[in-house]
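Peer 1: First the structure, then my questions, so here it is.
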Amino acid sequence: MSTLDLHRLRKVFPDGTVAVDNVDISIADGEFLAIVGPSGCGKTTVLRMVAGLETPTDGEIRIDGELVNNQTSQQRDIAMAFQQHALYPHMTVEENLGFPLRMAGVHHAEVRARVEDVARVLGLRDVLETTPRRLSGGQQQRVSMGRAIIRNPRLFLMDEPMSNLDAKLRAEARVEITKIQERLQATTLYVTHDQVEAMSMADRVVVMRDGKVAQVGRPIDVYRRPADVFVAQFMGSPSMSIVPGQIRLGGAGDGARYVLVIGPFRVPLPEAGPLNAWVGRELAIGLRAQALRRRPDGPILASVEFTEQLGSGQLVHATIDCPGLDVVADETVNPSSARSTILLNVDAQELVSLWEPIRLDVEVRETHVFDLVTGLRLGDLFDGPGGVSCPSRRATSAVESAGPLPP
Ligand code: ATP
């Protein structure tokens with residue numbers, strides 16, 4: 001397929017809304033890149049500009065190095081799948097698959113051969129004579145992708161293609177789309193607000209916020225080394241808890257040279273990472289749910305506020321006696337409520353009562369450090385700013401590197 005490069009792409013709508021603001025994204029040949037972010041962050045506008053449905057206010061769109069800003073959608077040769085159920089119900093699978101080619105005036109023998117080809121790759125040969133309503137959700141998904149891909153487009157664009165599916169079908173479709181994309185090696189730009197989709201399907205993710213790129217990288221790198229508090233809380237489920245904290249030199253009673261101070265609590269730290277550089281600085285401490293463990297003599301005292309039974313475990317919402325932090329629009333982190341809420345996982349069978357005081361220990365390997373004012377990542381307590389190495393979703397992927405991280 002092709003490469004796609006967006007350079008300083010910008011879109012200001014006539015009413016003055018800056019939907020996309022200086023976005024730089026490069027997609028390698030055959031790569032699956034997901035744009036993820038909250039509603040209104042500009043994902044769809046980026047996709048629509050690539051598709052030729054919206055004119056950029058500024059910046060460049062290049063396919064295989066060629067500037068395509070002034071080309072129509074047809075000239076760009078792009079396939080789009082916007083919704084899963086956009087199949088013609090009265091046509092058979094064969095007719096649905098061949099439709100774009102017939103519309104383009106391709107000879108019927110060639111149409112037949114290409115339909116055969118796509119049906120073979122997508123495992124649809126046995127249902128070619130069937131109409132869509134007799135297919136399973138996964139099969140419909142494959143027909144819909146097959147129809148988009150049959151023209152051998154240069155790029156494949158998808159905007160929330162699973163938004164109509166129930167949870168079970170969504171899970172199936174995630175696997176289905178990922179497998180097909182890998183098999184076809186189709187250069188794909190995929191837009192979603194669902195971080196689970198982005199994490200599980202894409203080679204790399206672009207996290208957007210307020211029209212800008214907040215971070216680009218492999219899903220596991222973005223999860224492990226979020227560039228700021230916003231990304232940290234957006235990527236990963238449950239969301240990362242953020243509390244104000246400090247690193248201080250430990251006293252004799254702490255039994256450690258350094259301690260992490262969160263409100264009135266002192267957590268002794270192993271001597272690793274760049275702790276000294278952070279001593280005395282106002283920090284925002286990020287705690288993944290798995291960083292917090294119940295332990296009778298744990299250094300943090302929390303009060304249970306709410307529990308969610310998930311079957312595989314329970315998600316406990318607890319509060320601790322230190323001010324809560326809010327991530328606000330200008331990327332700074334502001335004090336909010338009087339108490340911080342933290343999330344932790346406990347066993348599904350464990351008895352947890354409302355308002356019960358519980359003692360917690362902190363697993364420092366899962367603890368992230370951000371600047372309290374800017375919200376930018378400083379590092380993590382154990383690995384430090386250098387970070388960790390993680391396996392790729394695709395062992396053979398050409399794209400292994402994470403995007404740039406702040407210093
Ligand atoms: P969602 O997930 O809800 O679809 P999104 O991240 O895809 O959101 P966009 O649809 O790209 O966001 O919209 C980005 C911003 O631009 C939003 O503030 C939106 O209200 C605004 N916007 C989109 N289209 C227009 C338009 N035609 N005129 C004015 N503003 C627009």
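Peer 1: Kindly provide the helix-only [θ] at 222 nm of the chain, computed as the sum of -39,500 (n - 2.57) over DSSP H runs of four or more divided by all residues, to the nearest 500 deg cm²/dmol?
Peer 2: Estimated from H runs of four or more residues: -6500 deg cm²/dmol.
Peer 1: In addition: Any idea what the relative contact order of region 4-225 is, in percent, if you count C-alpha pairs under 8 Å spaced at least 6 apart?
Peer 2: It rounds to 30 percent for region 4-225.
Peer 1: Then there's this: Please identify every one of the GluC sites (Glu not before Pro) in region 72-158 that sits in a loop by DSSP and has no more than 14 other beta carbons within 10 Å of its own beta carbon.
Peer 2: Glu129
Peer 1: Right, here's the next one. Set the Förster distance to 22 Å, then compute FRET efficiency between Asp77 and Arg102 from the Cβ-Cβ distance, nearest 0.05.
Peer 2: Taking R0 as 22 Å, the efficiency between Asp77 and Arg102 is 0.80.
Peer 1: Moving to a separate point now. Between Glu60 and His7, what is the spin-label point distance in nm, taking each point 7 Å from the Cα along the Cα→C-beta axis?
Peer 2: 0.2 nm
Peer 1: Between Glu356 and Asp117, what is the label-point separation in nm under the 7 Å Cα-to-beta-carbon projection?
Peer 2: Here the answer is 6.2 nm between the modelled labels.
Peer 1: Quick one: go through region 190-225 and flag any residue whose amide nitrogen is under 16 Å from the point 7 Å out along the Cα-to-Cβ line of Ser239.
Peer 2: In region 190-225, the label zone of Ser239 (backbone N under 16 Å from the point 7 Å along Cα→Cβ) covers 193-196, 208-210.
Peer 1: Moving to a separate point now. Is there a quick way to get the dipole size of the chain? I mean about its Cα centre, with the Cβ of Lys and Arg at +1 and of Asp and Glu at -1; what is the value in debye to the nearest 20?
Peer 2: Numbers: 43 positive and 51 negative charges, 118 e Å.
For this selection, approximately 560 debye.
Peer 1: Assuming 0.36 nm per residue, please report the length gained on full extension of the stretch Val175 to Thr374 beyond their Cα-Cα distance. Display every interim value, and only then the final one.
Peer 2: Working: separation 199, 0.36 × 199 = 71.64 nm, distance 3.74 nm.
67.9 nm is the gain from fully extending Val175 to Thr374.
Peer 1: Sort region 224-376 into rounded, prolate or oblate with this rule: let a ≥ b ≥ c be the square roots of the eigenvalues of the Cα gyration tensor; rounded if a/c is under 1.5, and if a/c is not under 1.5, prolate when a/b is larger than b/c, oblate otherwise.
Peer 2: oblate
Peer 1: Can you tell me, using C-alpha contacts under 8 Å and at least 6 residues apart, the relative contact order of the chain as a whole percent? Intermediate values should be presented prior to the final figure.
Peer 2: Details: 912 pairs, mean separation 61.4, N = 407.
Over the chain, the number comes to 15 percent.
Peer 1: Also, quick follow-up: Quick one: angle between helix 108-122 and the longest Cα principal axis of the chain, in degrees between 0 and 90, rounded to 10, please.
Peer 2: Once rounded, one gets 30 degrees.
Peer 1: Something else about it: Label Ala277 and Lys212 with points 7 Å out from Cα along Cα→Cβ: what is the distance between them in nm?
Peer 2: Each label point lies 7 Å from its Cα, and together they span 2.2 nm.
Peer 1: With loop defined by DSSP as not H, G, I, E or B, and exposure as at most 16 other Cβ atoms within 10 Å, which is the longest segment of the chain clear of exposed chymotrypsin sites (Phe, Trp or Tyr not before Pro)?
Peer 2: In the chain, the maximal stretch lacking such sites is 1-354.
Peer 1: Over the alpha carbons of the chain, what is the largest minus smallest coordinate on each principal axis, giving the biggest first in Å?
Peer 2: Rounded to whole Å, the extents work out to 84, 48, 42 Å.
Peer 1: For a Förster distance of 41 Å, can you work out the FRET efficiency between the beta-carbons of Asn152 and Asp15, rounded to the nearest 0.05?
Peer 2: Result of the calculation: an efficiency of 0.60.
Coordinate-derived values only; no laboratory data. Everything quoted here is computed from the prediction, not taken from an experiment. Ideal geometry is used to build each Cβ from the backbone, glycine not excepted, and the neighbour counts take in all protein chains shown.
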